[in-house]
Structures are given as C-alpha cells and as structure tokens.
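Bear in mind these aren't lab numbers, they're just calculated from the coordinates by the rules spelled out. From a predicted model like this one, the values you see are computed outputs, not experimental measurements. Every residue, glycine among them, receives a Cβ derived from its backbone with ideal geometry; neighbour counts consider all protein chains shown.
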Amino acid sequence: MIPLVLRKALVAIALLALLAGCQATPSAELRGTGDLGVIVERATGSLAVVDTSHHRILDRVEGLGDLSHASVKFSRDARYAFVFGRDGGLSRVDLLTSEITHRVMQSGNSIGGAVSQDGSLVAVANYDPGGVKVFDSETLEEVAEIPATYRDDDGDEQRSKVVGLVDAPGNRFVYSLFEAGEIHLVDMHGDTPEVSRFSDIGEAPYDALIGPNGRYYIAGLFGEDGLALLDLWHLEEGVQRILPDYGRGEERLPVYKMPHLEGWAMAGGEAWLPAVGRHEVLVADSGGWSLSERIPVHGQPIFVMTRPDERQVWVNFAHPDNNVVQVIDTEGREIVATLSPGESVLHMEFTPKGEHAWISARDSDRVVVYDTHTLEEVARLDSESPSGIFFTHRAHRIGL
C-alpha cells in the first residue's frame, strides 16, 4: 500500500510532467513565417528555405523542375511559396513543412507570375503557348486561360509570348506581349476575365514593372529606345512614351544581358534605373519622367535596388563584370562601397527593414549576407548554384 503522502507526491510529479509536455510540444512545432524566405538553387531544381533572422538554411525542397529562370511569389498569409519554373511547372510549397503541396505542368515554357490582390488567384505568364493561365491559389485548379492573340501583317491570328506579368490593385493583372507590341490589362472581378488591350506601345517589350503604389505600369522595349507607361488610374489616356533616350542609343552598344526592370529603385521621388549596354545608373524624375543624371558604375547594371529607407541603392552587373556589387549613396550620388561577394552575382534581396542584404554568387556556390550600415559581411551560406532570393515580406507588396 503506497502511503497517501507518497501518492500525492507522485500525482503532483505526473501533473507537472504533463503540463511541461503540453507546453513543450506547441513551442517546438509552431513558428511564424515573417522572417522566412527561399533561395532558388537552379542547378538542382530545389529551393533552400532560409531563416533571415539567424542567417541559416532550415531545409531544402527538391523536385521543382527547371529553375533556370525561376521566380517566386508568396501567399497572402506568407506560408506558401508559388514557384514558377521555366519548364511551365507551377508549384506550391509549404514553407513550414518544406513540402510541395500542389504542382501542375501548365505550359511548355513560362516566365514568371503574380498573385492577385486578395490572394485568391495565381497567374502565370507563358511563352509556349503564348498567354496567361490563372489558378486557384489553394488548389492550383485552373480558373481561366487567356490566349495572348494578335494579328500579324498578313491579318492572320498569332499568339505572342507574354512578359512582364504583375498584379495590380482591384484583382487585376497587367502584362506585355513581346511580338505584338501590346499591353493587356485583365480584370478578374467577375466570373470571366475582362481584357483591355493597349496596342502600338513600341517594338518588342521584353520586361516590365509596376510602381509600389500600383499606379504606373512601365514596359521596357527591346526593339527601340524609350519606355512605355500605362497609368492605371487614367486608362483613357492610353499608353505614353517616356524617357525616349533610354536604351542602347545611337552607338548600338553590345548588350550582354538586358536589365531586369523589376529591380528598379524608387527613392526620394526619383527612379534609379540600369542603363542598357552602358556602365551607368540613370536617375529620372518620376513626376515628369525626364532624365536628370547619369552615374558611372563598374559595368552594365542588371538590378538597381533601393534599401527600404531609400538611403542606398545597390547595383549588380552583367557578365563579364558580374563579380562585384556597388553601393550608391542616394543623397550624395556617389559610390560608397564596392563589394566582392563571389563569382557571378545574380540576385540581391533586402530584409524587410533593410538592415541586411543577401546576395547570391552562383559560380561560388554561396550566398553572402551584408550589414547595410557597416557594409561588412555578417554571414555566408553554402548553396549550390544559387540565383533568385525571395523573402516573405514580398507577400504584402504590389508587384513583388
């Protein structure tokens, strides 16, 4: 017979153990997603899931197909990453379990996508066949297919490659047609997509961006100098041509890689953009879109990205000058640092409030993290052929 005092002691011990277990289990399983992100590892078709607070790789997700020009968007709750592969694959990845929840092969060749304002839809830009497909973000079931059609010089209907697909306020998507020289605006409010077409925007739009407030959609032109701008507040005005000197210019300089327009920087009411084929960063007034300054830099810029507080602009470059990153002070208009993260720098990403910048160096198989105030290296992560870096705060920003 166990004495009463001993029985009470054993019960108390068991109860404490039970309470401890109840407390330990949730804390081990639950975590937020606000400091998570992914690194695209293009050679292995995988994503590295990263913790940006502690500068570490948490896990890897494999089986994502051809990621040679992959991009990533995030669900409204920042739990899921939508991965757009070059092979037409669309995958939904759970960042907390590091599992692929859904995957569809939706075309033969695709080039990025976007998530609608309310988070319910995912749109994909396709090269082959040319057009846009829209999917339910929870199930990846197809909601709509919108062919990118146009009439050629003989009057025959053709399908165009789609580029520069972005989300816009009001559950709309905007994109450009490469062969057609058009911008299309799709309203997904109703049961069927409503498409507005804007033609004769210029020759061969190759990429585009939308401003952080979702008002201006700007397409770059491969076939001629200048840019095409669509004001989404005043669609009746049609497409305007801005910065007529933006491009290769009269000398038709060799272009080793076209700049990514989504890497434009907006700082202090000005647009900072990469010159095409030139060793310059251009500064333009975002009100009248007139060019105000040219800043000489190390090579042909690819991404020109602003730190969230707009005090710095970080620039990476095309081959063969792609082993460095330069930092420009936006107030003094001068280069304050030239960094050497490794060989073949492909992408940069700032943490949400800008205290750190993560930089991928593909041919060095690493990602380097810098303190943006001291400009010193604070961490280095091993990653096989890393390219794009995407953090979950993009879930709450237009066009990203």
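Looking only at His279, His234, His102, which one moves most when the chain is put into a Gaussian network model with springs between Cα atoms under 10 Å?
Top of the fluctuation ranking is His234.
Along its three principal axes, how long is region 114-161 when you only count alpha carbons? Whole Å, largest extent first please.
Principal extents (Cα only, largest first): 42, 18, 14 Å.
Through the Karplus equation 6.51 cos²θ - 1.76 cosθ + 1.60, θ set to phi - 60°, convert the phi angles of region 157-168 into ³J(HN,Hα) values in whole Hz; use x for Gly and Pro.
Result, rounded to whole Hz: 6, 10, 10, 9, 5, 9, 9, x, 6, 9, 8, 9.
Hey, in the GNM for the chain with a 10 angstrom Cα cutoff, which one of Val297, Val378, Val162 fluctuates hardest?
Of Val297, Val378, Val162, the most mobile in the Gaussian network model is Val378.
Show me, for region 273-282, the HN-Hα J-couplings you get by feeding each phi into the Karplus relation (A = 6.51, B = -1.76, C = 1.60, θ = phi - 60°), rounded to Hz, glycine and proline as x.
Values per residue, Gly and Pro as x: 9, x, 5, 8, x, 10, 8, 8, 9, 9 Hz.
Show the residues, 5+ positions off or on another chain, whose built amide H is closer than 5 Å to the amide H of Phe74.
Those lying under 5 Å, H to H, from Phe74 are Phe82.
Relative to the longest principal Cα axis of the chain, at what angle does helix 4-29 sit, 0 to 90 degrees, rounded to 10?
The answer is roughly 10 degrees.
Give a residue-ordered list of calculated ³J(HN,Hα) values for region 308-316 (Karplus: 6.51 cos²θ - 1.76 cosθ + 1.60, θ = phi - 60°; whole Hz; x for Gly, Pro).
Karplus-based 3J(HN,Hα) across region 308-316 equals x, 7, 6, 7, 10, 10, 10, 10, 10 Hz.
Only Cα pairs under 8 Å and at least 6 apart count here; give the relative contact order of the chain as a rounded whole percent.
In percent, rounded to a whole number, it is 11.
Mind sorting out which of (i) 63, 51, 40; (ii) 66, 52, 49; (iii) 100, 52, 37 is the real Cα extents along the principal axes in Å computed from the coordinates?
(iii)
Quick one: how many lysine pairs in the chain have C-alpha atoms under 25 angstrom apart, if they're 8 or more apart or on different chains?
Close lysine pairs found across the chain: 6.
Skipping prolines and chain starts, which residues have an amide H placed within reach, meaning under 5 Å, of the one on Val50, given they are 5 or more residues away or on another chain?
Residues meeting the criterion, in which the H sits 1.01 Å from N, are Gly37, Val38, Ile39, Leu58.
With an 8 Å Cα cut-off and a minimum separation of 6 or more residues, compute the relative contact order for region 260-340 in percent.
22 percent
What order, most packed first, do the peptides 366-374, 328-336, 388-396 have when packing is the mean number of other Cβ atoms within 10 Å of each residue?
388-396, 366-374, 328-336
What whole-number distance in Å separates the alpha-carbon centres of region 181-225 and region 112-161?
Spelled out, the Cα-based centre of one part sits 13 Å from the other.
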